[in-house]
Amino acid sequence: MAGEYFFVPMAEAHAREIVAWRYPGQYAVYNVDDADVEADVQVLLDPRYAYYAVTDSAGFLVGFCCYGRDAQVPGGDYSDAAALDVGLGLRPDLAGQGRGLGFLEAILDFARDRYAPSRFRATIATFNHRSRRVFEKAGFVETQHFVSASARPLEFVVMVKQEAAPASPAA
C-alpha cells in the first residue's frame, strides 16, 4: 500500500479492463487499437515489464504503472542506467480531477521501496500538459525533447527527478 492506493501484480482481468479504456480528444492517442488488444494484454502481463495494477481501498482499478524498459519511448536517450523509468495511466474518468499528484507520489513511493533508485525518469508526450504539470509538481525537470521513432511519431519530453542521497550515519 502507498497511501490510499494499493499495488498488485497485473492480472489478466486488470489488463483487459485497461486496454478497453477510452480517453477523449487529444488523449485518444493512448487508446489501444482493436487490432492490438491481445498483444497489449500480453505486454501488460509480461513480468519483464513490471506492470502493476493500482487499486483503491475497495479494490477498484484506478490506474496502472510500470517500471523500466516499457516506460521508454523509441527515439529517446536512455543511456543513464541509474535512472528508473516510470510509466503510468489513470483511468479516463478519473483524469483531470486533481488526483494526478497523489497518484504519482504513490507510484514513486512504491518504487522507492521496491527498487531504491537514485533518480526517476519519465517520458511524456509534449501535448500532455496535465501530466507534465503533475511531474513538475513532484520535482521532475525536463532534460531532453525528441520525436519518437515509431509508426505514429509524436514529440516527447524526458523528465528526471533526483532522489535525495541516503543520510550518513551520525559520527
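Does anything in the range 90-121 have its amide N under 18 Å from the 7 Å Cα→Cβ label point of residue 130, and if so which residues?
What the label zone holds, given the 18 Å backbone N cut-off, is 90-107.
Starting at the first residue of the range 79-85, write each ³J(HN,Hα) from the Karplus equation 6.51 cos²θ - 1.76 cosθ + 1.60 with θ = phi - 60°, in whole Hz, x for Gly and Pro.
Each residue's phi maps through the Karplus curve to give 6, 6, 5, 7, 8, 9, 6 Hz.
Using a simple charge model, +1 on the beta-carbon of Lys and Arg, -1 on the beta-carbon of Asp and Glu, nothing else, what dipole does the range 1-106 show about its Cα centre, in debye to the nearest 20? Walk me through the intermediate numbers first.
On the way: 6 positive and 16 negative charges, 45 e Å.
Computed about the Cα centre, the dipole is about 220 debye.
Using label points projected 7 Å from each Cα along Cα→Cβ, tell me how many nm separate residue 99 and residue 162, to one decimal.
So the label points at residue 99 and residue 162 sit 3.4 nm apart.
Name the residue, out of 102, 25, 75, whose mean-square fluctuation peaks in a Gaussian network model built on the chain with Cα pairs under 10 Å.
The residue with the greatest mean-square fluctuation here is 25.
Tell me, what is the percent relative contact order of the range 6-162, built from C-alpha pairs under 8 Å that lie six or more residues apart?
Values: 245 pairs, mean separation 30.0, N = 157.
Over the range 6-162, the number comes to 19 percent.
Have a look at 27, 52, 78 and tell me which one the Gaussian network model of the chain (Cα, springs below 10 Å) gives the largest fluctuation.
27
List the residues whose amide H sits under 5 Å from the amide H of residue 23, counting only those 5 or more places along or on another chain, with H placed 1.01 Å from N in the peptide plane.
Amide H neighbours of residue 23: 31.
Can you classify the range 72-162 as rounded, prolate or oblate using the Cα gyration tensor, where a ≥ b ≥ c are the square roots of its eigenvalues, rounded means a/c under 1.5, and otherwise it's prolate if a/b beats b/c and oblate if not?
Judged from the Cα gyration tensor, the range 72-162 comes out oblate (a/c at least 1.5, b/c at or above a/b).
When a/c is below 1.5 the answer is rounded, else prolate if a/b is larger than b/c, else oblate, so apply that to the range 1-85 with a ≥ b ≥ c taken from the square roots of the Cα gyration tensor eigenvalues.
oblate
Would you pull out the residues with amide H under 5 Å of residue 144's amide H, same chain only if 5 or more places away, H placed 1.01 Å from N?
Those lying under 5 Å, H to H, from residue 144 are 158.
Apply the Karplus curve 6.51 cos²θ - 1.76 cosθ + 1.60, θ = phi - 60°, to the phi angles in the range 14-28 and return the couplings in whole Hz, x for Gly and Pro.
These are the phi-based 3J(HN,Hα) values: 5, 4, 5, 5, 5, 5, 8, 4, 10, 8, x, x, 4, 6, 4 Hz.
What's the extension gain from residue 36 to residue 77 if we count 0.36 nm per residue and subtract their Cα-Cα distance? Show your work: numbers first, answer last.
Working: separation 41, 0.36 × 41 = 14.76 nm, distance 2.64 nm.
Computed gain between residue 36 and residue 77 is 12.1 nm.
For a quick check: with amide H placed at 1.01 Å from N, whose amide H comes under 5 Å from residue 63's, ignoring anything fewer than 5 positions away on the same chain?
The list, which skips near neighbours in sequence, is 54, 91.
Over all Cα pairs of the chain, how is the pair count split among 5 Å bins, expressed in % and running from 0 up to the last occupied bin?
The percentages, shortest bin first, are 1, 8, 17, 21, 23, 17, 8, 3, 1, 1, 0, 0, 0.
Apply the Karplus parameterisation 6.51 cos²θ - 1.76 cosθ + 1.60, with θ equal to phi minus 60°, to every residue of the range 68-74 and state each ³J(HN,Hα) to the nearest whole Hz, in sequence, with x for glycine and proline.
With the stated coefficients, the range 68-74 comes to x, 4, 6, 8, 8, 10, x Hz.
Residues of the range 39-79 with amide nitrogen under 19 Å from the 7 Å Cα-to-Cβ point of residue 13?
41-42, 44-46, 51-65
In a Gaussian network model over the chain where Cα atoms closer than 10 Å are linked, find which of 71, 53, 149 has the largest mean-square fluctuation.
Greatest mean-square fluctuation among the candidates belongs to 149.
Report the antiparallel proportion of the DSSP beta bridges in the chain as a percent, rounded to a multiple of 5.
90 percent
Read-outs throughout are calculated quantities, based only on the coordinates presented, and are distinct from any laboratory measurement. Here the structure is a predicted model, which means the values were calculated and not measured. Cβ sites come from the backbone with ideal geometry, for glycine too, and all protein chains shown count toward neighbours.
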